[in-house]
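Have a look at the structure below, then the notes.
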Amino acid sequence: MRVIVFSDSHGDVRPMDKALAAVGGAEAVIHLGDIERDVRYLEKTCGLPVYAVLGNNDFGAPRPTESVIELGGARIFICHGHTRGVSRGTEGLVLAAESRGCQAALYGHTHRPDDRREKGILVFNPGSCSRPRMGAPTFGVLEIEDGSCGSVVVDWII
Ligand SMILES: [Mn+2]
């Protein structure tokens with residue numbers, strides 16, 4: 001199954017709308033936090049299941065900060081990343097995913113895309129779809145088949 005991954009939209013939902021229109025065949029959307037208002041917009045408009053966590057700029061909403069979701073037979077650890085120190089590296093993130101038996105660890109917060117494997121775990125950050133730290137806005141696409149995750153970061157020229 002195909003899953004679109006956003007993070008750090010920070011109040012600008014237009015890039016998400018464009019990405020959803022451009023990528024066909026998606027069956028779910030993941031938003032990795034910052035900001036929660038944009039998650040509520042997705043839930044109202046995109047017509048797909050939305051899985052989301054709170055970012056460091058999200059307060060008080062009834063959502064988790066970290067979560068394990070199951071999609072396409074894969075266990076996926078999702079978090080914004082600030083609770084796992086991702087600005088300094090992904091070691092804590094990978095440990096958290098590993099200890100939860102996950103095949104993938106998704107995070108945001110850095111506004112920089114990441115798409116690697118560590119200890120056999122997909123370590124993936126879609127970057128920011130509206131406020132990239134460098135280069136073009138980006139989002140991510142996961143392709144999950146029989147419990148294994150392929151991935152790609154998509155550069156998005158608005
Ligand atoms: Mn953040």
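The values are calculated or read from the model by the stated rules, or taken from the named source; none is laboratory data. Just so we're clear, the structure is a prediction, and the values are computed from it rather than from any experiment. Don't worry about glycine lacking a Cβ; one is built from the backbone with ideal geometry, like all the others, and counts go over all protein chains shown. Protein only, heavy atoms only, side chains kept; ligands, DNA and RNA dropped before computing areas. Shrake-Rupley method; radii C 1.70, N 1.55, O 1.52, S 1.80 Å.
Here's a check for you: in region 1-24, which residue that is within 13 Å of the chain's Cα centre (by Cα) and of a type in the set (Gly, Ala, Ser) is farthest from Ser130 (Cα to Cα)?
Out of the qualifying residues, it is Ser7.
Table: residues versus (1) farther than 14 Å from Ile30 by Cβ; (2) open to solvent by less than 10 Å² (accessible area, probe 1.4 Å); (3) away from the ligand (no atom under 16 Å from the Cβ); (4) touching a residue at least 12 places away in the same chain (Cβ under 8 Å).
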residue: Arg100; (1), (2), (3), (4): yes, no, yes, yes
residue: Ala105; (1), (2), (3), (4): no, yes, yes, yes
residue: Thr110; (1), (2), (3), (4): yes, no, no, yes
residue: Asp114; (1), (2), (3), (4): yes, no, no, yes
residue: Glu118; (1), (2), (3), (4): yes, no, yes, yes
residue: Val123; (1), (2), (3), (4): yes, yes, yes, yes
residue: Pro126; (1), (2), (3), (4): no, yes, no, yes
residue: Pro132; (1), (2), (3), (4): yes, no, no, yes
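With a cut-off of at least 1 residues that are over 15 Å from the mean Cα position of the chain (by Cα) and within 14 Å of the ligand (Cβ to nearest atom), name the strands (runs of 3 or more DSSP E) lying wholly within region 25-92.
Filter on region 25-92 gives an empty set.
Applying the selection to region 32-55, what residues are touching a Ser or Thr at 6+ places or on another chain (Cβ under 6 Å) and open to solvent by 70 Å² or more (accessible area, probe 1.4 Å)?
Hits for region 32-55: nothing passes.
Kindly indicate the residue of region 1-31 that is among the β-branched types (Val, Ile, Thr) and open to solvent by 10 Å² or more (accessible area, probe 1.4 Å) and also nearest to Phe139 (Cα to Cα) among those meeting that condition.
Only one residue fits best here, namely Val23.
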